[in-house]
1. Scanning for something modelled with pLDDT under 85, hydroxyl-bearing (Ser, Thr, Tyr) and under 26 Å from the mean Cα position of the chain (by Cα), does the range 157-176 turn up at least one residue?
2. Starting from the range 85-111, keep only residues that are at pLDDT below 95 and among the acidic types (Asp, Glu), then list their pairs with residues that are in a strand (DSSP E or B) and surrounded by fewer than 21 Cβ atoms within 10 Å (Cβ to Cβ) whose Cβ atoms are within a distance under 6 Å, requiring at least 6 positions of separation or different chains.
3. Considering only the range 198-214, how many residues are in contact (Cβ under 8 Å) with a residue 60 or more places away in the chain and either of a type outside the set (D, E, K, R) or touching a strand residue (DSSP E or B) at 6+ places or on another chain (Cβ under 6 Å) (or both)?
4. Can you tell me how many residues within the range 26-85 are surrounded by 10 or more Cβ atoms within 10 Å (Cβ to Cβ), over 30 Å from Leu208 (Cβ atoms) and of a type outside the set (Val, Ile, Thr)?
5. Within the range 31-80, which residues are of a type in the set (Asp, Glu) and not in a helix (DSSP H, G or I)?
6. Does the range 152-159 contain any residue that is touching a Leu at 6+ places or on another chain (Cβ under 6 Å), surrounded by fewer than 18 Cβ atoms within 10 Å (Cβ to Cβ), in a strand (DSSP E or B) and of a type outside the set (A, V, I, L, M, F, W, C)?
7. State all residues of the range 119-150 that are at pLDDT 95 or above, closer than 18 Å to Tyr106 by Cα and crowded, with 17+ Cβ neighbours inside 10 Å; if no residue qualifies, say none.
Amino acid sequence: MSPSRLSYSRRAGGFTLVEVLIALAISAFIAAAAYTGLSTVMTGVERSRAQADRTWEINRALTLLSRDIRQFANRPLRDEFGDLEPALQGGPAARFMLSLTRAGWYNSRGHPRSSLERVNYVLEDEALWRESYPVLDRAANTEPQRVRLLDGVTDLRLLFLRDIDALNPASRGTEVDTRAWPENWVANLSQPDVPLPPPVALEVLLELEDYGELRRLYVLPPY
């Protein structure tokens, strides 16, 4: 075999160092591009999952709140101090931000108790809590069952409508003007024997750190 053919055979049998480095550089570039794309997709999936979980938590809290208000029952009660509590009370001046008696409590274990239930809604440590009692007229040692409904709640406000005739005429369309509605629904301490009637309607405003303000308007059932 001639020297020229031998040299050609050696060159054709492998890659030079430059060629290997170029191939490695191309492979590294492709791998980096693929990883970046995969990381972006995974980040998007995680964000979508977190968004779906958050939406589910908000809907769950609003569903429970709506159910309690729409099943309102005009039944006052005695608290653990023996004082009379109205069937519904709320606002910054009340003991709880919202406290009401609701019907429809499902007695799955057949306990000898009413189908009515007393529930409270409390804003604590930027979280919305729901409290429920096993009895209506409470004893001194009656403890509520607390459920953390929703995190990231920066504010909770309530507005109450006293009389349907006081509704602003301009509010009888699709938009209701609630700016003149009182923010407290509490008994008059100067008239302790006068029962506090329930409001006709109430508005709940939740301020969330990620979604902003959520507004819900409820008309209480007739009593």
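The values are calculated or read from the model by the stated rules, or taken from the named source; none is laboratory data. Quick caveat: nothing in here was measured; it's all calculated off a predicted structure. In this analysis, Cβ positions are derived from the backbone assuming ideal geometry, glycine residues included, and neighbour counts consider all displayed protein chains.
1. yes
2. Glu85/Leu77
3. Of the residues in the range 198-214, 9 are in contact (Cβ under 8 Å) with a residue 60 or more places away in the chain and either of a type outside the set (D, E, K, R) or touching a strand residue (DSSP E or B) at 6+ places or on another chain (Cβ under 6 Å) (or both).
4. Selection size over the range 26-85: 20.
5. Selection gives Asp79, Glu80.
6. yes
7. Val119, Asn120, Arg130
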